[in-house]
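Here's the structure, in structure tokens; my notes come after.
The values are calculated or read from the model by the stated rules, or taken from the named source; none is laboratory data. All figures in this text were calculated on a predicted structure; none of them were measured in a lab. When we count neighbours, we look across all protein chains shown, and the Cβ atoms used for this are built from the backbone with ideal geometry, even at glycine.
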């Protein structure tokens, strides 16, 4: 049997259902290429499992989807990975059912393993300062690295957002940067004097070295080949200076984002303001930083109060 969605789309096999869903999340929900690839891997894994049992995405039952999750668990996959795959299946079947690509939605009540709520790693302010100030000297690549680290901590932006910045996204006179986050949502984020100073120096003394390659176009941050800086490049920058000043600590670009949010909360910032700065669509995502701040607050109390 062939299920047909809106005019012009006819789905006759598992691959076509997956492709229709991926087109939807990429073009209509504006999810990143990385997320789309993860969806493809997860759903292809499900289709392969069903095929081995003589079934497919259109004919799968709720019980078969539960056996798939159990199979993933016996393979030793982490709970977070299983939960992500279950979420991919729910999202795909919800889309497919709404477009008439499947007769029923077997994933409507599909449960996933609960993931323990882990507090994100956070640097102390002095540690964050030492990391962002680690690149020194007039070498254009050190100048670039200083601007990258200063901006990550000053604005709390995601590494993908930083890599997507163009020169025109900066307003250094007003001290702010225009950021395009998940789903293409735009927000304006203020940045402090240190970050503004580092960015001005980079534009004058660092970026011209990258432009020598002639391939960067409007990109703000360039690598040694003159191309737009990639998330892998940014992670390498963070790791390089982490080894110098924070040996033994686990630090990633996202650690600076966590630290940005936590330090704002500890400084008394309103949680909804922090939500806006981070680009979170849900306040619940931002609320985890209140737990981090509360933990530090209680620790300070126990260390400081004479009868703690």
Given the structure, is residue 198 out of contact with any strand residue (DSSP E or B) (no Cβ under 9 Å at 6 or more places or on another chain), buried (at least 16 other Cβ atoms within 10 Å of the Cβ) and either assigned to a loop (DSSP other than H, G, I, E, B) or without any contact (Cβ under 8 Å) to a residue 60 or more places away in the chain (or both)? yes
Criterion (outside any loop (DSSP other than H, G, I, E, B), closer than 23 Å to residue 138 by Cβ and touching a helix residue (DSSP H, G or I) at 6+ places or on another chain (Cβ under 7 Å)) met by exactly one of 206, 210: 206
For the range 266-285, name all the residues that are at pLDDT 75 or above and either exposed (fewer than 14 other Cβ atoms within 10 Å of the Cβ) or closer than 16 Å to residue 190 by Cβ (or both). 267, 268, 269, 270, 272, 273, 274, 275, 276, 277, 278, 279
All-but-one check, residue 42 against (1) exposed (fewer than 15 other Cβ atoms within 10 Å of the Cβ); (2) modelled with pLDDT of 90 or more; (3) in contact with a helix residue (DSSP H, G or I) (Cβ under 7 Å, 6 or more places away or on another chain), failing number (1)
Scan the range 75-94 and give yes if some residue there is more than 25 Å from the chain's Cα centre (by Cα) and not assigned by TED's automatic domain parsing to the domain that holds residue 237, otherwise no. yes
Any residue that is out of contact with any strand residue (DSSP E or B) (no Cβ under 9 Å at 6 or more places or on another chain) and loosely packed, with under 14 Cβ neighbours inside 10 Å - is there at least one of those in the range 149-160? no
Among the residues of the range 209-230, is any surrounded by fewer than 16 Cβ atoms within 10 Å (Cβ to Cβ), free of Cβ contacts under 8 Å to residues at least 60 places away in the same chain and closer than 20 Å to residue 127 by Cα? no
